[in-house]
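Since the structure comes first, as structure tokens, the remarks are kept for the end.
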Amino acid sequence: MKFTVSKDNFFHVLQKVSSVTPVRSTLPILSCILFTVKDDILKMRSTDLEITMSASCEIKMEEEGAVAIPSRMIKEITSELPNTDLNFHIEEEQVIITTAIGGEYKIMGYPAMEFPTEPIVDDSKIVTLQAEKFKRIVEKTGFSVSRDEMKVALNGVLFQFKENELCAVSTDGHRMVKYTLKEFQGASDIKDIIIPPKFLNLCVGSVKNVEFVTLRIGHNHVMLELQDTTIYSRIIEERFPDYESVIPAENDKKVLVDIDELLSVVKRVGIFASKNTRQISFTFNENKTLVKAEDIETSSTAKEELAVQYSGEEFIIGYNSDYLREMIRHIDGDKVEILLKNSLMAGLFFPIEQQADEDILFLLMPIRLM
């Protein structure tokens, strides 16, 4: 296997696919990137067995072939080289790289046949979205995906393809986001699927200069295919919880508040929240609320008054300040409407200004006040 490639083109593709390579793995071959040369095209492919990514670039080929090369080693040496032509010669898995400036570097590779095969997306359904809408779905839902490996069904974003709309839902059991894209056409016959956030984030990073995103959804995999990049992911084959049942329908206490002011107060008061519970409390009165936090271990307290639009009886509710702060950051516009019932029921947060074809709901569970 012999070929010549410019360092900049090579490193651009290498950086892209190496983002999938696992940092640690019990299988040494997964720490490698598969290099395949054919018809003056170099294709690189990496996988962690859940996500697979391939990308390609043009080269000057002398001899076709394939080899798996350790990702860390090839990435480190090419990052330190100036922009010059790289000459690759692979003989019995030994990779020899030479440059015009007199450098020679030898890396021991692995047989290409040991590398996992490329996924097959069979009987696939096609879903096409505007790239900007796809990015917004990932941005709005990604933060509330559970990181708890024991809650497998919550480790991804649920996509529901309904008649004339697309719903994307994520939750970690404490907070939830439901993003609805209205007037969405052409995918009502597709089953509900749960997609890992790593795949979604990789897709967002790869669709910077395209107008539309096309996903192919098969029985076990979902795939994004672009001009020179293909990304695959296993679908999480678990049953997503009945999220509709946790959305309260009788929250009759309405609060209207400025988003920036709310975020600033939560940031400041949250500094004084207990390191264990991260609890802050909100005491609502006529057109104002008192925000408080206390850390008994350090004997520190904080309280601030926040102007709100509210008329009703006084009541108090507690939230995890970290969860609340992160959720507020993902709410667009100047003001947010909060619908509450009591100190034990979930609060609903709605942006006052929503795009015409969107409906976004944020939900946050309260915590018992200590």
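Just a few scattered comments:
- By accessible area with a 1.4 Å probe, ligands and nucleic acids excluded, highest first: order of HIS89, HIS12: HIS12, HIS89
- Heavy-atom SASA rank of MET150, MET345 (probe 1.4 Å, accessible area, largest first): MET150, MET345
- A 1.4 Å probe, protein heavy atoms only, puts the accessible area of VAL210 near 60 Å².
- Cα-based Lys pair tally, the stretch 219-370, threshold under 12 Å, eight or more apart or on separate chains: 5
- Accessible carbon and sulfur surface of the stretch 103-218 relative to its total accessible area, %, 1.4 Å: 48
- Considering only GLU358, GLU139, GLU80, the mean-square fluctuation computed in a Gaussian network model of the chain, springs between alpha carbons under 10 angstrom, is largest for GLU80.
- Estimated [θ] at 222 nm from DSSP helical runs (n ≥ 4, -39500 (n - 2.57)) normalised by residues in the chain, nearest 500: -5000 deg cm²/dmol
- For the stretch 67-137 versus the stretch 198-257, the inter-centroid distance based on Cα atoms is 27 Å.
- Separation of the alpha carbons by more than 23 angstrom is noted, of LYS75/LYS151; LYS16/LYS151; LYS140/LYS162, for LYS75/LYS151; LYS16/LYS151.
- THR171 contributes about 20 Å² of solvent-accessible surface, heavy atoms of the protein only, 1.4 Å probe.
- Rg and Dmax of the stretch 265-370, both derived from C-alpha coordinates alone, stand at 14.1, 49 Å.
- Accessible area of ASP123 (1.4 Å probe, protein heavy atoms only, ligands and nucleic acids ignored): about 120 Å².
- Dipole magnitude of the stretch 39-173, debye to nearest 20 (Cβ charges: Lys/Arg +1, Asp/Glu -1, about Cα centre): 860
- Neighbour cut-off at most 13 other Cβ (10 Å), DSSP loop, trypsin sites (Lys or Arg not before Pro), the stretch 215-259: ARG239
- Normalised by 2.2 N^0.38 Å, where N is the number of residues, the alpha-carbon radius of gyration of the stretch 161-247 equals 1.16.
- Solvent exposure ordering (accessible area, 1.4 Å, most first) of ILE338, ILE126: ILE126, ILE338
- For the stretch 73-186, the residue among THR128, THR180, ILE77 whose Cα projects farthest onto the positive side of the dipole built from Cβ charges is THR180.
- Using Cβ point charges alone (K and R +1, D and E -1), the dipole size of the stretch 264-370 about the Cα centre works out to roughly 500 debye.
- Values (i) 35, 28, 15; (ii) 38, 27, 20; (iii) 49, 24, 18 are given for comparison; semi-axes √(5λ) of the Cα gyration tensor in Å, derived from the coordinates here, is the one labelled (iii).
The values are calculated or read from the model by the stated rules, or taken from the named source; none is laboratory data. Here the structure is a predicted model, which is why all the values come from computation and not from measurement. Cβ atoms come from the backbone with ideal geometry, glycine included; neighbour counts cover every protein chain shown. Heads up: the accessible areas ignore ligands, DNA and RNA and are worked out on the full protein's heavy atoms, side chains in. Shrake-Rupley method; radii C 1.70, N 1.55, O 1.52, S 1.80 Å.
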